[in-house]
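These notes concern the structure reproduced below.
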Amino acid sequence: MIAGLPVAEAVFRRVDPAIQFVAHVADGQEVVPGELVADVTGPGRGLLAAERTALNFLQRLSGIATLTRSFVDAVATTPAAILDTRKTQPGYRILDKYAVRMGGGLNHRQALMT
């Protein structure tokens, strides 16, 4: 499952607005190894400055989405639902919850009051 393409695009654009990011798949879509997920073109300096950060977001969010999808598939024939928790890595709550949705899970709540 791919998740985080809008975040990766934002990273590239923040580093250098001249960078062009064209996604070939949609967030929440299953992808196979070797499949092209996006084309990124622009000045080399900006590409090199942003690539590791963008890939880190894609790896983390896609990993969460993929694991969530495996849990969702495991309970598909039951009335159970897969929900997330608010206990995430500091600063990543909104992104982690987004990744859970991309994997087919549901968000439980954002904080103790919601």
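The values are calculated or read from the model by the stated rules, or taken from the named source; none is laboratory data. Since this is a predicted model, take the numbers as computed values, not measurements. Cβ sites come from the backbone with ideal geometry, for glycine too, and all protein chains shown count toward neighbours.
Residues in the range 52-61: is at least one hydroxyl-bearing (Ser, Thr, Tyr), closer than 26 Å to Pro17 by Cβ and more than 16 Å from the chain's Cα centre (by Cα)? Within the range 52-61 (the criterion being hydroxyl-bearing (Ser, Thr, Tyr), closer than 26 Å to Pro17 by Cβ and more than 16 Å from the chain's Cα centre (by Cα)), the answer is no, since none of the residues qualifies.
Every residue, every condition in (1) hydrophobic (A, V, I, L, M, F, W, C); (2) modelled with pLDDT of 95 or more, yes or no:
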{"position": "Gly34", "(1), (2)": "no, no"}
{"position": "Glu51", "(1), (2)": "no, yes"}
{"position": "Gln59", "(1), (2)": "no, yes"}
{"position": "Ile64", "(1), (2)": "yes, yes"}
{"position": "Arg86", "(1), (2)": "no, no"}
{"position": "Arg109", "(1), (2)": "no, no"}
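Checked against the criterion of being closer than 11 Å to Met102 by Cα and of a type in the set (Gly, Ala, Ser), the range 35-54 has no qualifying residue.
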